[in-house]
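Trainee: Here's a structure for you.
The values are calculated or read from the model by the stated rules, or taken from the named source; none is laboratory data. These numbers were taken from a predicted model, which means no experiment stands behind them. In this analysis, Cβ positions are derived from the backbone assuming ideal geometry, glycine residues included, and neighbour counts consider all displayed protein chains.
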Amino acid sequence: MNAQLISLKTIHAPLEGSLSFFESQKDIPFNVRRIYYIYDVPMGVRRGMHAHKALQQFLWCAWGKVDIILDSGREVQQYCLDSPQKGLLVGEGIWREMVWQKEGSVLCVAASEHYDEGDYIRDYRTFVSYVEKGYWDETDK
Ligand code: TYD
């Protein structure tokens, strides 16, 4: 699976709270070109349902709880982002679904490229045909 759960570096101050951070090319393997965040999502709502041809992303839940279901076309793995210290690297060629498990959850995403609708694969059968043709075989981990 071209994905990895990461423990974010965190500074805890007993009376002042915590600070978590990550840096391009140090903690995540790409330069960040875009950041977006998803919020005001009712509990139980499922978003995503797409894959990316080339985009790499790093996801973290700044507050709340969001389940991330990843599908490489060969295996499915589920991750739970329920702490601001957890981050999930999602490489290219992974079908993803995000399920809001807590009201008010904020899902943040750092992305390797600017927005490009042409990089999306929004049809699952098309995604499977890319996998079967070996489109991501060199980058598949
Ligand atoms: P989408 O990536 O499909 O969101 P999700 O996977 O969470 O359901 O994006 C939703 C809409 O927002 C879609 O019309 C594309 C648009 N969008 C942008 O214009 N710029 C962006 O950076 C992103 C991530 C989405």
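Trainee: List pairs: first in segment 107-135 and in contact (Cβ under 8 Å) with a residue 40 or more places away in the chain, second near the ligand (Cβ under 10 Å from one of its atoms) and of a type in the set (Ser, Thr, Tyr), Cβ under 6 Å, 6+ apart or cross-chain?
Mentor: Final answer for the pair search is Cys108/Tyr37; Val109/Tyr36.
Trainee: Just to be sure, is Glu92 at pLDDT below 95 and among the acidic types (Asp, Glu)?
Mentor: no
Trainee: Please go through segment 100-141 and pick out each residue that is surrounded by fewer than 20 Cβ atoms within 10 Å (Cβ to Cβ), closer than 12 Å to Cys61 by Cα and of a type outside the set (Lys, Arg).
Mentor: Gln101, Gly104, Val106, Cys108, Val109
Trainee: Evaluate the following for Glu113: is it under 28 Å from Leu19 (Cβ atoms), assigned to a loop (DSSP other than H, G, I, E, B) and within 16 Å of the ligand (Cβ to nearest atom)?
Mentor: yes
Trainee: Next question, about the same structure. If you scan segment 86-99, which residues turn out to be more than 14 Å from Asn2 (Cβ to Cβ), buried (at least 18 other Cβ atoms within 10 Å of the Cβ) and free of Cβ contacts under 8 Å to residues at least 60 places away in the same chain?
Mentor: Listed by number, the list holds a single entry, Val99.
Trainee: Would you pick out the residues in segment 23-33 that are surrounded by 14 or more Cβ atoms within 10 Å (Cβ to Cβ) and out of contact with any Lys or Arg (no Cβ under 9 Å at 6 or more places or on another chain)?
Mentor: If the condition is that a residue be surrounded by 14 or more Cβ atoms within 10 Å (Cβ to Cβ) and out of contact with any Lys or Arg (no Cβ under 9 Å at 6 or more places or on another chain), then Ser24, Ile28, Phe30, Val32 are the ones that fit.
Trainee: Which numbered condition trips up Ala62, out of (1) assigned to a loop (DSSP other than H, G, I, E, B); (2) surrounded by fewer than 18 Cβ atoms within 10 Å (Cβ to Cβ)?
Mentor: Looking at each condition in turn, Ala62 falls short on (1).
Trainee: Moving on. Please list, ordered by first then second residue, the pairs with beta carbon atoms under 6 Å, 6 or more apart or interchain, first in segment 28-42 and of a type in the set (Ser, Thr, Tyr), second part of a strand (DSSP E or B).
Mentor: Final answer for the pair search is Tyr36/Val109; Tyr37/Val106; Tyr37/Cys108; Tyr39/Val106.
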